[in-house]
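Notes follow once the structure below has been shown.
What follows is calculated from the coordinates using simple rules that are stated; it is not laboratory data. Computed from a predicted structure; not experimentally measured. No Cβ is skipped: glycine too gets one built from the backbone with ideal geometry, and neighbour counts run over all protein chains shown.
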Amino acid sequence: MPANKKKIRIKSPKNKNTIFGLPAKSYTDIDFWEKECDTVLSNGWLFVGFVHEFNKVGDAQPIFIAGKPILLIKNENSEITAFHNVCSHRCLKLVNEKKNIGKLIRCPYHSWSYDLQGNLKAAPHIGGTNNHKPKGFNFKEHGLKQIRIHIWHDWIFINLNGKAKKFKEYAKPLFSKFKDLDFNKLKYTATLDFGKINTNWKFLIENFIEPYHVQFVHKTTTNQPLRDHYTIVDGVCYGSGVDVKEEDSKNSKALSVSSKYLSLFPNFIIGTYYPNQVGVYLNVPINPNTSSQKRIIYTIGDKEMPKEEIDITKKIWWNVHKEDHEICERLQEGRSSPASNEGGLLSPYWEDGVKAFQKLIIQETKS
Ligand SMILES: [Fe+2]
């Protein structure tokens with residue numbers, strides 16, 4: 001094995017209170033990123049979008065995730081399906097922007113067309129002028145390549161290599177944390193789209209999992225004392241909870257209610273905020289140094305959230321995320337220092353979820 005292809009490992013601790021994080025290369029190295037795309041982001045259920053963004057038949061959304069162009073589309077059966085977003089002819093990226101494409105997906109290059117089920121319907125003049133169906137060319141063999149998909153409430157997951165356990169099995173540890181919550185009563189309330197962030201996707205997840213930074217980074221935007229927090233680690237689900245002793249759900253400047261912050265490996269994030277709010281983030285790994293993030297705010301219950309309260313909630317969350325993004329971008333910048341080669345250190349108490357997440361990364365990339 002060439003020296004520069006040395007395997008990335010977490011440094012072994014000398015004692016149980018000295019825990020090293022992932023080495024810098026796992027956030028910056030292109031070979032590691034490619035391996036991660038083929039394993040971590042392909043083996044399990046990757047979170048890719050929101051059902052409520054698909055209203056009509058033909059609504060299509062191209063996404064670029066895990067280094068791949070993917071197309072989500074609502075078909076005539078009102079099902080959302082996922083395809084690799086490339087034409088079978090010359091592999092051009094088929095759909096370039098979010099739009100309604102009608103009944104056919106038409107490649108702009110040579111007008112090859114597919115129906116909403118991905119079947120190839122036309123390949124004009126393929127066999128010569130006016131020869132649209134040459135002998136021996138089987139249209140059935142050249143449809144779009146479909147990707148396994150699972151819809152859980154408003155959330156769209158795909159499994160790129162088709163080998164993951166059934167979603168219901170995979171996500172069991174997450175389901176078990178929300179037995180008290182009726183997801184069928186969730187109502188879409190607002191979207192916060194943060195666009196691109198100059199950080200590796202893992203920093204967004206790691207930052208969310210641990211409650212340790214909240215008292216320092218979110219001094220003014222949250223009021224959830226560290227002493228009230230606990231961590232949660234259960235297989236592919238980890239995060240933290242906080243049972244605030246003195247709740248203040250009317251606080252218009254800071255978040256000060258009991259909450260649960262959970263992530264499902266690799267990139268799904270959900271937070272529940274007592275008494276009636278849920279937030280889900282879509283974290284999109286784009287390349288080693290770039291991710292994007294979107295947060296959807298939901299409410300639970302029969303009462304509509306008044307507009308004024310929605311605006312206040314959006315403002316609080318916008319500020320909280322911006323505080324986190326600044327930290328995540330600086331974490332990324334820190335990885336260009338030789339001092340971060342060994343990965344830095346983790347709190348054995350507060351960052352056990354980060355450790356569990358990082359162990360899964362190493363485990364998957366070894367496979
Ligand atoms: Fe944070």
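Before moving on, here are some points about what is shown:
- Listed as lacking a disulfide-compatible partner in the chain: CYS37, CYS91, CYS237, CYS328, by the criterion of no other cysteine Cβ under 4.7 Å.
- Inter-probe distance in nm under a simple model that places probes 7 Å from Cα toward Cβ, at SER12 and PHE139: 6.2 nm
- Note: relative contact order over segment 1-160, using C-alpha pairs below 8 Å and six or more positions apart, is 20 percent.
- Stretchable slack from LYS314 to GLN363, in nm (0.36 nm times residue separation minus alpha-carbon distance): 13.9 nm
- Over segment 172-366, relative contact order from alpha-carbon pairs under 8 Å, at least 6 apart, %: 28 percent
- If the chain linking LYS121 and ILE30 were pulled fully straight, counting 0.36 nm for each residue of separation and taking away their Cα-Cα distance, it would gain 28.9 nm.
- Taking label points 7 Å from Cα along the Cα-to-Cβ direction, ARG148 and LYS68 give a separation of 1.2 nm.
- Projected label distance in nm at ASN96 and ALA339, using a 7 Å step from Cα toward the beta-carbon: 4.6 nm
- Violating pairs (Cα-Cα greater than 21 angstrom) within the set LYS196/LYS314; LYS187/LYS294; LYS99/LYS133; LYS11/LYS359; LYS93/LYS145: LYS99/LYS133
- In this structure, HIS132 and ASN55 have a Cβ-Cβ separation that, at R0 = 41 Å, corresponds to a calculated FRET efficiency of about 0.75.
- q = 0.12 Å⁻¹, the chain: log10 I(q)/I(0) [Debye, one scatterer per Cα]: -0.95
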